[in-house]
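Read through the structure below, which is laid out as structure tokens, and then see the notes.
The values are calculated or read from the model by the stated rules, or taken from the named source; none is laboratory data. It should be emphasised that the depicted structure is a prediction, and the values quoted were computed from it without experimental measurement. Methodologically, a virtual Cβ is constructed for each residue, glycine included, from the backbone with ideal geometry; neighbour enumeration extends over all protein chains shown.
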Amino acid sequence: MKFIVFAEDWGSHPSSTQHLFSELAKKHEVHWVNSVGMRKPRIRVHDIKRVFDKVLQLFSSPKTQAIATPANMKVYKLPILPWHDNRFIRYVNKRIFSYFFKANTQAEPVNYWLSVPTALYLFNTQSQDKMIYYCGDDFSALAGVDADLVAPFEKQLIATADLIYVISDFLLAKMPAGKAKMLSHGVSVELFSESIIKADEIKALTGPVVGFYGSINAWLDIDLLEALAAARPDYQLVLIGHVVTNVERLLSFKNVTHIPAVCHKRLASFSAHWDVSILPFVTNEQIRACDPLKLKEYLAAGKPIVTTGFPAVNRYDSHLFIADTAAQFINQLDSALALSESQLMDLEQAQQHIASQHSWQSKASIVVSDMRLLNR
């Protein structure tokens, strides 16, 4: 089975698409096209740096990657221009794509997998080909995406795709019922559930350790975290990840530790050894549509999870500590830390059982079965 995949840059971060195709590439041929962009650059430092980094990628290999490249996968760094709403640019981009993929035009069926709607115009499908839209976000509300640019491509993709995968009920409700299917995020069960040595960065912390990893972005409830740090000075709050929002006041608390982003394989050395995992998200359209990868990873780690309320966590409400306000969040954190040893063992077993039902291997098997049905 052959896939041509349009997603983010391979190895940039361990996304759901990368996890899936790490599994699928074990037995199937995968051609991965690095991000073609979903936002037009503007004249600002971040965008100029992004353009410069993309140019450098054309001539170099990354020194480190979040996920290793499988043997059956070829990664393409195409010089695609992100002004997808310009007719001439689309013509140029399409010619670039056809040049790189001229060897992939034989009669063998191709499964085109689009996690990035703006890639839709780059290729022409043959009668034997199939098109799959993997919708992992609500692009109309996703930070860092030009919603006006993406919207017409997504609308056309929804209309023409043979199969649509979504990761949440919120997104499922926005899709045509006849060809949309839930494919929630998975987890690398062995990585997050097996015994692993505690990370050096948290060995010296004393008192209860409360941890979060991921992008420290505007979708985190920073006010809630400040209230937590102030109300519970004996709790150690650990935040792991890139900082892309203002957290200067939060990091000024003596009981708050920030650790720059670490590679995916190291995350378990933190989450398996802190006392509580947290998901302190704000409530907005982006969060209502999401299915955080870290939720299943937290479940596999087996530590109590305290979270704000949103649809992805509500389905596991009997195994999580869910709060609607900052005060409730702090109280739920107190309750999680007060669990007895036997209660902690029971919770760990229940959480790891849930995680075991959502391995990336099982998610890849679902995709293979669906593709075989499509290609009959």
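Among residues of the stretch 318-332 being without any contact (Cβ under 8 Å) to a residue 24 or more places away in the chain and polar (S, T, N, Q), the one that is surrounded by the fewest Cβ atoms within 10 Å (Cβ to Cβ) is S318. Filtering the stretch 244-279 to residues that are acidic (D, E) and under 14 Å from G211 (Cα atoms) leaves only D275. Among the residues of the stretch 205-230, just one is loosely packed, with under 15 Cβ neighbours inside 10 Å, assigned to a helix (DSSP H, G or I) and aliphatic (A, V, I, L, M), namely A230.
Listed by first and then second residue, the pairs with beta-carbon distance under 9 Å, at least 6 apart or on different chains, first residue in the stretch 111-137 and assigned by TED's automatic domain parsing to the domain that holds I164, second part of a strand (DSSP E or B) and of a type in the set (D, E, K, R), are N111/K2; N111/K130; Y112/K130.
Scan the stretch 95-113 and tell me whether some residue there is closer than 20 Å to N375 by Cβ and touching a Ser or Thr at 6+ places or on another chain (Cβ under 7 Å).
Kept after step one, since they are closer than 20 Å to N375 by Cβ, are these residues of the stretch 95-113: 101, 104-113.
Those still in the list that are touching a Ser or Thr at 6+ places or on another chain (Cβ under 7 Å) too: 112.
There is at least one residue in the stretch 95-113 that is closer than 20 Å to N375 by Cβ and touching a Ser or Thr at 6+ places or on another chain (Cβ under 7 Å).
Checking the condition surrounded by fewer than 22 Cβ atoms within 10 Å (Cβ to Cβ), among the small types (G, A, S) and out of contact with any strand residue (DSSP E or B) (no Cβ under 8 Å at 6 or more places or on another chain), which residue from S335, S369 passes? Break it down into steps so the answer makes sense when it comes.
Numbers: S335 fails: out of contact with any strand residue (DSSP E or B) (no Cβ under 8 Å at 6 or more places or on another chain).
Just one listed residue meets the conditions, S369.
Every listed requirement among (1) in contact with a helix residue (DSSP H, G or I) (Cβ under 6 Å, 6 or more places away or on another chain); (2) part of a strand (DSSP E or B) is met by T257 save one, (1). Just checking, which of I158, I80, I164, I132 is of a type in the set (A, V, I, L, M), touching a strand residue (DSSP E or B) at 6+ places or on another chain (Cβ under 6 Å) and closer than 30 Å to A218 by Cα? Just one listed residue meets the conditions, I164. Filtered by the rule that a residue be farther than 25 Å from G207 by Cα and not in a helix (DSSP H, G or I), the stretch 329-376 gives Q357, H358, S359, N375, R376. Looking only at residues in the stretch 113-135 that are of a type in the set (F, W, Y) and surrounded by 22 or more Cβ atoms within 10 Å (Cβ to Cβ), the one that is nearest to the chain's Cα centre (by Cα) is Y134. The residue of the stretch 267-310 that is nearest to the chain's Cα centre (by Cα), among those that are modelled with pLDDT of 95 or more and of a type in the set (D, E), is E297. Within the stretch 173-189, is there a residue that is surrounded by fewer than 17 Cβ atoms within 10 Å (Cβ to Cβ) and in a helix (DSSP H, G or I)? No: the stretch 173-189 contains no residue that is surrounded by fewer than 17 Cβ atoms within 10 Å (Cβ to Cβ) and in a helix (DSSP H, G or I).
Please tell me if L163 is outside the structural domain of Q328 (by TED's automatic domain parsing), in contact with a Lys or Arg (Cβ under 7 Å, 6 or more places away or on another chain) and at pLDDT 95 or above. Taking the combined requirement at face value, the residue satisfies it. Filtering the stretch 15-42 to residues that are in a helix (DSSP H, G or I) and among the small types (G, A, S) leaves S16, S22. Being of a type in the set (F, W, Y), in contact with a His (Cβ under 8 Å, 6 or more places away or on another chain) and surrounded by fewer than 22 Cβ atoms within 10 Å (Cβ to Cβ): is that true of Y99 here? Criteria not met by Y99.
Report, by residue number, each residue of the stretch 167-180 that is among the small types (G, A, S) and touching a strand residue (DSSP E or B) at 6+ places or on another chain (Cβ under 7 Å).
The answer is A180, and nothing else.
Among the residues of the stretch 359-376, not one is among the polar types (S, T, N, Q) and within 13 Å of Y165 (Cα to Cα).
Yes/no per residue for (1) without any contact (Cβ under 8 Å) to a residue 60 or more places away in the chain; (2) farther than 30 Å from A141 by Cα:
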position	(1), (2)
E285	no, no
E297	no, no
F310	yes, no
S335	yes, yes
A338	yes, yes
I366	no, no
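Here the stretch 275-298 is the region considered, the condition is being in a loop (DSSP other than H, G, I, E, B) and not aliphatic (A, V, I, L, M), and the residue that is farthest from I216 (Cα to Cα) is D275.
Residue by residue through the stretch 151-165, note down the ones that are aliphatic (A, V, I, L, M), in a helix (DSSP H, G or I) and surrounded by 20 or more Cβ atoms within 10 Å (Cβ to Cβ). Selection gives L157 alone.
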